[in-house]
Amino acid sequence: MRPAEAEVLHFSEDPTISRFLPHVAPTSAEAEPYVWAVGFDRAPDYWFPRDTPRAMAWVRSGTTEADRERIIGAGSGSRVHAIEYRALEAMRTVRLYGYRLPAAPFRPIGHARHALVATEPVEPLGPPEPVGDLFALHEEAGIQLRVLPNLWPFWAEVTHSTLGFSGIRLRRAAPAAPPADRARSR
């Protein structure tokens, strides 16, 4: 599910929203109240249950071929999303909805400018649409979906690479595993 021209999307597990009011999100670093949405390129970041920790990486201008092959894989598309095994059941069973909103009241925010915000109430352009099978969405978009026991090793690789990256709800990820004991006997 992606927005059409002159639209942005808001994803929610709540199919009863008739009007989006600006608010300060509990997880936001922003103090000003906003209505949050995403455009075409960042919609896949939200093809997940709301509280699912996820790490995402993609090829961008300046990405080295070595980083692309090491993290995404040779011939494996240009984007990868990673979740933990414990998120699989929620990915299979969540009922996620996409709200199409008019793009006009929204503007980019943040240094990465990946999110869009409005400072006024916004009414959806129609009823919410069921997003459907989240695995199928990833497949149709050519986005790898990796399932890992722990996100932190992947996140460390991604954030020290030339790829573009984003992490959402990482504070909910499993704790980082301690480094392996390197003094084991042979």
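The values are calculated or read from the model by the stated rules, or taken from the named source; none is laboratory data. Computed from a predicted model, the values in this text were never measured in an experiment. Neighbour counts are summed over all protein chains in view; Cβ atoms, including those assigned to glycine, are modelled from backbone coordinates with ideal geometry.
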* **Subset of segment 59-118 [over 19 Å from L9 (Cβ atoms) and among the hydroxyl-bearing types (S, T, Y)]** => S61, T63, T64, S76, S78, Y85, T93
* **segment 80-125 - residue that is in contact with a strand residue (DSSP E or B) (Cβ under 7 Å, 6 or more places away or on another chain) and of a type in the set (S, T, Y) and, of those, nearest to E5 (Cα to Cα)** => Y99
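What tally of residues in segment 106-126 results from selecting those that are of a type outside the set (A, V, I, L, M, F, W, C) and either assigned to a strand (DSSP E or B) or free of Cβ contacts under 8 Å to residues at least 60 places away in the same chain (or both)? Outline the logic, then answer.
To start, the set of residues in segment 106-126 that are of a type outside the set (A, V, I, L, M, F, W, C) comprises 107-108, 110-111, 113-114, 119-121, 123-124, 126.
Those still in the list that are either assigned to a strand (DSSP E or B) or free of Cβ contacts under 8 Å to residues at least 60 places away in the same chain (or both) too: 107-108, 110-111, 113, 126.
Total meeting the criteria: 6.
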* Pick from G77, G62: which is in contact with a strand residue (DSSP E or B) (Cβ under 8 Å, 6 or more places away or on another chain), outside any strand (DSSP E or B), of a type outside the set (S, T, Y) and surrounded by fewer than 18 Cβ atoms within 10 Å (Cβ to Cβ)? -> G77
* For segment 135-155, name all the residues that are closer than 15 Å to R172 by Cα and part of a strand (DSSP E or B). => L148
* Among the candidates P128, P53, P105, P15, which residue alone is surrounded by 12 or more Cβ atoms within 10 Å (Cβ to Cβ), modelled with pLDDT of 95 or more and in contact with a Lys or Arg (Cβ under 6 Å, 6 or more places away or on another chain)? -> P53
* Asked: How many residues does segment 142-177 hold that are aliphatic (A, V, I, L, M) and surrounded by fewer than 14 Cβ atoms within 10 Å (Cβ to Cβ)?
  -> 5
